[in-house]
Structure formats: structure tokens, C-alpha cells
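Everything on this sheet refers to the single structure shown next.
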Amino acid sequence: MTAEPEEIPLIEHVVRVSPSAERLPRDRQLAWALAEVATAPAPLDADAAAMVANRVIDNAAVAMASLSRRPVAVARTQARPHKTGPGASVFGADPALRVSPEWAAWANGTAVRELDFHDTYLAADYSHPGDNIPPLLAVAQHVGAGGADLLRGLLVAYEVHVALVTGICLHKHKIDHVAHLSAATACGLGALLRLPTEVVYQAIGQAVHTTTATRQSRKGEISSWKAFAPAFAGKAAIEAVDRAMRGEGAPAPIYEGEDGFIAWLLGGPDATYTVPLPAPGDPLRGILRTYTKEHSAEYQAQALVDLARAMRDKLPGIDTAAGVDRIDSIVLHTSHHTHHVIGSGANDPQKYDPTASRETLDHSIPYILAVALQDGAWHHVDSYDPHRAGRPDTVALWHKITTVEDPEWTRRYHSPDPTQKAFGGRLEITLTDGTVLADSLALADAHPDGARPFDRPAYVRKFTTLAEGVVPADAQREFLDAAARLADLTGEELPALFPTVDHAAITHADAALPGGIFR
């Protein structure tokens, strides 16, 4: 059970470009305001703390399901040679192995992100706040921090990430969303390590400066870099914090500088952004504004998979060529984001290509709708199988599906009112005899305000389902017990947050890889 985040009073921090000659004071800079959130004492909110434990379970679930996938195996084999003490654990590796924390963050972050199956927050920009967990967990384990410190760091990371995504749009200017992630991770690490505000401020500047990249990683032929990008941001944030702790500075002001982030990469010298931050001493509840995925697909597809499953019963034979022939067209009326990012409005021919990569199909709502309508389900492996994507009747149905932007769905997508917020759309199916079948769904069933909100038992089911065949039953129970006790774990107990894996189930993935520089 969560309370509405609107109950929390937030301070609106206005961000705009400042000429160098004006020497913008630090206390008026966004990076300083974020650093103050990281270093100010705040009471622990019970609902927020419970949600952190849920997301630790969620991350481990999707990581276990991805351990045999090539990008995850690559990241894991890259991390292995960087052995150190005390070090941090790696998902899928020998439990005794400890590697340098930035390399653990790299491997574990890739495992968490690969299937695009963990938590999300959508506002002015996109984000996956759970990407903060691998780097913070790695550093906590390396320095011997306990669960309470890790919990505090994760609450800060989520708070900062949600604030930045709420206030500053990156995708409009074709900047990848990991620029917000790195700042959040730097803040979370600052809270975890109880660093001075000055050190966190410098780390934020370095992290943002080094992780700003274009959105080409999510456009056209989407490659495995989509999974590596957040892991890279986490690795870079750890390194930035380490340098800042040693007294090194950063470009400043990183957001407001006349040659900086906003002036040249975002809205330009006249742009103004408003970032909502908690008042000093207020509880950190930003995580309660985020939501996880029931289906392994882009978040904007979650409600639409549920909608397709519900409409399937009205389309007998839709999983056959004859049934597909009865359909003239399918049009999804949806938000600007959905239409232009994962819909036909993206103008990416790859979104209709049955030979496209899994990463591309994950960002194709026409494909996702076609399979969900035919199968009445969505599976993180089977729904992306090349044979499934290439099935002739599926391809025929797929090419009958288009998207259009509907201003009302765009308004609801951006609405600050939780009763109006919507990430779905209206599906209109026109049959060859002229019959029109239509229905709409605003929120995914698993959304906090959806038909079946995800609760602790749902997170546990997701973990046990995805860990089946990879993590033995007794190891599953040990992990779930540790995650439930997150706030009380000692530093020595943090390795319990890495489920023990049956290595016979994943060794083939590592063995199939060519060598690289690291050995």
C-alpha cells in the first residue's frame, strides 16, 4: 500500500543558463541542490523502504533471466579479471569471486537492463530508476556498508532520478536518458558513503559530463548497447565519486554553464526547467512514483499488451492466416511519446522488420500488439523468438497496425494529476466487413493504480518464475529472505542479495564468447 506522492511538499528548483561573467553561486546551481538532497538527514518512510526491497527483488529476477544472454555474458567475462579485495559480487559468477566495484556495477547493470523488464518512471523524460541499484550495491559491498546505508543511498538515488526526469526532458533533444541516471547514482553513492555536500556536487558534475550521449542507441537498428548504456553510467558514476573523494573537481556549473548541458545540448540559452525536490528533512518517497513491468517490453507497451489480451476474445481465429485476413486495419490512438518512440511515428522501417533485433522489436508497438493479439500473452523469450517474429500470419497482421497521436492521450501522459495520468491508448480494429471494434486502457494492470497493482507477492512470483532453472529452490528462498530484511542486513550479509546460480545452466554462454583485452 502506498500513499499518493502529491502529499509530499516539493520545492521547485528553477534551472536556466547563466553567463560565466555572472558567476552563478553554488547554492543556486542544480547540482548543489541535488547534492544537498543526498547529504541532508531525512526520516525513513516505511512504504518507500518496503518498495526498495521490492525493487531489489525485481532487479535480481530480471538479472537471473538474462544470465545466458550474450551481452550479459560479455559484461560478466569482462568483469571477472578485475579481481580485488574486498570487492563486489557478480550475478551469475562464482559466489567467492569479488571484483572491483565499478566492474561489478558494469556486469550487474547489464544483467538487470538486458531484458528491459524492470522498473520505470515516465514524465518529461524516460527512466529506469532500478538501474541505480547495481552500482550502489557494488560499492556498499566493497566498503562493508550495511543494509541501512544501502537503503538510504537507494532512496536518495530514486528521489533525484525522479526529480530530474520530472523536470528536464532529454529525448526531445536526442540525448539519451542515462545522463539523468549518472547524476542520481552519484547522489545515491554520496548518501551511502555519507560524503560532504561539496564532494557529491563535484561528483555530479563529472558524472553528467562523462555520460551524456545521443539517443541513437535507441533509434534505427537498436543494438545491445541499450543494455550496456546504464551499466556504463553506473560505472562512470562510481569512478566520478572516487575522483571527487580524492579532491578532484568537475566542470561547473554543469547544468547552467553558458557552454554546458542546457545551453548546447538541451533547450538552449533561453530555456528554463523546473526540478521538484523535497524540502530538507522531508522523507524521500520518490520511489513510490515509479512502477515495474509485468511484461518484458517498453513500458509504454505494458497497458497495450493488457488491452490486446482483453480484445483478443472478440477476434476469433486471429492467430491464423484466415483470421488475419478478416482484419482490414488496426490503429492505435495514443500519446506523442508512444507514437514517436515505439510507434509508426518513429519512421523506423526496422520496427516492421521480422529480422530485426530483440532490442528493436521491444521498441515496436506494432509488433508487440500483433503478437499479444495472436497469443493472448507475452513472454520475455518466446515472444521475441526469430521464428515467432517471422511467422507469415504475424507479419501480415503486424503490417496492418499503425499508430497516431491523440492530443488527449498526450495530455494525460503528461498530467501531474494521478487520476488523469495515462500511458495507454485506444485501439480501433476495422474488419473487412466494415465492423469496428474499439476499446481503451489508460494504465497497465500492474501499475499502482491499475487493475492488479504489483505487491510483494507479485514481485516474489516474478522472481521465482524468472529464476526457475537458474537458481535452485533453496537459494531462491535464501535470497528472498535477505531482500525482505534489507534494512537490517550487516555488511557481511550483503552477498546474500546475489542469488546462488546453478552454473551448469549458464556456462555455455561464457564458453561461446571470443576473447578480448581483459583476461
FRET efficiency, residue 46 to residue 174 (Cβ-Cβ, R0 41 Å, nearest 0.05):
0.55
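Suppose we take every Cα in the range 5-289 and form the convex hull; what volume per residue is that in Å³? Before the final figure, lay out the partial values.
Values: hull volume 32.8 nm³, N = 285.
In the range 5-289, the Cα convex hull volume per residue is 115 Å³.
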Shape of the range 58-147, Cα gyration tensor, a/c cut at 1.5
oblate
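Hey, how much of the P(r) for the range 299-441 falls beyond 19 Å, as a percent of Cα pairs?
Details: 4751 of 10153 pairs.
The proportion of pairs with Cα distances above 19 Å equals 47 percent.
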I need the peptides 386-394, 116-124, 292-300 ranked by packing, meaning the mean over residues of other C-beta atoms within 10 angstrom, with the highest value on top.
292-300, 116-124, 386-394
Residue separation times 0.36 nm, minus the C-alpha to C-alpha distance between residue 437 and residue 503: what's the value?
18.9 nm
Difference of contour (0.36 nm per residue) and Cα-Cα distance, residue 477 to residue 96
135.2 nm
Which whole-number percentage describes the relative contact order of the chain, with Cα contacts under 8 Å and a sequence gap of 6 or more?
21 percent
Divide, for the range 279-354, the radius of gyration over alpha carbons by 2.2 N^0.38 Å, where N is the residue count.
1.57
Taking the DSSP beta bridges in the chain as the whole, what percent of them are antiparallel, to the nearest 5?
80 percent
Normalising by the residue count of the range 5-289, find the relative contact order in percent from Cα pairs under 8 Å and 6+ residues apart.
31 percent
How would you order 128-138, 251-261, 44-54, 147-157 from highest to lowest mean count of nearby Cβ atoms within 10 Å?
128-138, 147-157, 251-261, 44-54
Packing-wise, with mean Cβ within 10 Å as the measure, how do 32-43, 368-379 rank, highest first?
368-379, 32-43
Per the C-alpha gyration tensor (a ≥ b ≥ c, the square roots of its eigenvalues), the range 387-515 is rounded if a/c is under 1.5, else prolate if a/b beats b/c, else oblate; here it's oblate
Estimated inter-spin distance, residue 355 and residue 248, nm [label 7 Å along Cα→Cβ]
4.5 nm
Quick one: P(r) of the range 183-327 from all Cα-Cα pairs, 10 Å bins, percents rounded to integers, in order of increasing distance.
9, 23, 31, 18, 9, 8, 2
Compute the relative contact order of the range 28-170 as a whole-number percentage, counting only Cα pairs closer than 8 Å that sit 6 or more residues apart in sequence.
24 percent
Segment residue 417-residue 387, extension gain: residue separation times 0.36 nm, minus the distance between their alpha carbons
6.5 nm
Computed for the chain: size of charge dipole around the Cα centre, +1 on C-beta of each Lys and Arg, -1 on C-beta of each Asp and Glu, debye to nearest 20, value 940 debye
Result: in the chain the number of Lys pairs with C-alpha under 17 Å apart, spaced 8 or more or on different chains, is 10
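Coordinate-derived values only; no laboratory data. Please read all numbers here as calculations on a predicted model, not as lab measurements. Backbone-built Cβ (ideal geometry, glycine too); neighbour counts: all protein chains shown.
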